[in-house]
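Here is the structure we will look at, set down as C-alpha cells.
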Amino acid sequence: MSAPPVSYRPIIESDIPDLFAVRIATWDNERGAEELEALGITPESVRERLATNHHGFVVRVEERTVGFAMGNRDNGEVWVIAVLKAYENRGFGRGLLTRVEDWLFEHGHESIWLTTDTDERHRAVGFYRRLGWRDWKFEHGDRYMIKERR
C-alpha cells in the first residue's frame with residue numbers, strides 16, 4: 001500500500017477558508033473564530049496580508065489542506081504555523097517551517113523570529129529548538145524565539 005500523495009505549494013487566495021479551518025481546529029477551541037477576529041485576523045485581513053507583505057505555503061494530503069505556515073517579509077516574523085493533529089509527526093510542520101524560513105532569508109533577513117508559549121513543556125518549544133531556534137526574550141506573556149541565517 002502506497003502513502004497518500006502529499007504536496008506543498010504557495011498559498012493562494014482561494015486557500016483562505018481552509019487556512020481558517022486548520023487554524024481553528026489546531027486551537028481545539030470552540031471560540032477560535034471569535035478569538036481570531038478579536039485579534040484582527042479575518043479572511044479579509046489575511047487576503048490583504050497575502051497581497052502585500054506575507055507569503056506562505058500549504059501542505060495537502062490527498063487534495064486536503066492539512067497544514068500551513070506564513071511569514072512576514074517586512075519584519076522577518078514567522079507569523080503562523082499550523083498542522084491538523086491527525087497529521088502531526090509526519091514531517092509536515094518541518095516542511096512548512098523550512099519553506100517559510102527560506103523565503104524570509106531570501107528576502108534579506110539575517111535573523112528571523114516567532115512567538116510561542118512561555119511554558120517549556122509546550123510541544124512547540126521543543127519543535128522549534130530541534131530546528132535550530134533559540135530563546136530571544138520573554139515579553140507580554142510570550143516567548144520570542146530567533147533563528148540566524150545558516
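Which of the numbered conditions does residue 9 fail, given that it passes all the others? Conditions: (1) surrounded by fewer than 16 Cβ atoms within 10 Å (Cβ to Cβ); (2) of a type outside the set (Gly, Ala, Ser); (3) at pLDDT 95 or above; (4) out of contact with any Phe, Trp or Tyr (no Cβ under 7 Å at 6 or more places or on another chain).
It is condition (4) that residue 9 fails.
For (1) in contact with a Ser or Thr (Cβ under 9 Å, 6 or more places away or on another chain); (2) within 17 Å of residue 11 (Cβ to Cβ), each residue gets a yes or a no:
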position: 48; (1), (2): no, yes
position: 51; (1), (2): no, yes
position: 63; (1), (2): yes, yes
position: 68; (1), (2): no, yes
position: 76; (1), (2): yes, no
position: 91; (1), (2): no, no
position: 120; (1), (2): no, no
position: 132; (1), (2): no, no
position: 142; (1), (2): yes, no
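Do you know which residues across the stretch 65-99 are within 20 Å of residue 21 (Cα to Cα) and β-branched (Val, Ile, Thr)?
The answer is 65, 66, 78, 80, 81, 83.
Which numbered condition trips up residue 123, out of (1) out of contact with any strand residue (DSSP E or B) (no Cβ under 6 Å at 6 or more places or on another chain); (2) at pLDDT 95 or above?
(2)
Having 3 or more residues that are open to solvent by less than 60 Å² (accessible area, probe 1.4 Å) and of a type in the set (Val, Ile, Thr) is the bar; report the strands (runs of 3 or more DSSP E) wholly within the stretch 51-147 that clear it.
Qualifying strands (runs of 3 or more DSSP E): 54-61, 77-83, 111-116.
Is there a residue in the stretch 14-22 that is under 23 Å from residue 76 (Cβ atoms), in a loop (DSSP other than H, G, I, E, B) and touching a helix residue (DSSP H, G or I) at 6+ places or on another chain (Cβ under 9 Å)?
The answer is no; no qualifying residue exists.
The values are calculated or read from the model by the stated rules, or taken from the named source; none is laboratory data. Just so you know, these numbers come straight off a predicted model, no measurement behind them. As a convention, Cβ positions derive from the backbone with ideal geometry for all residues, glycine included, and neighbour counts pool all protein chains shown. Heavy atoms of the whole protein, side chains included, go into the accessibility calculation; ligands, DNA and RNA do not. Shrake-Rupley method; radii C 1.70, N 1.55, O 1.52, S 1.80 Å.
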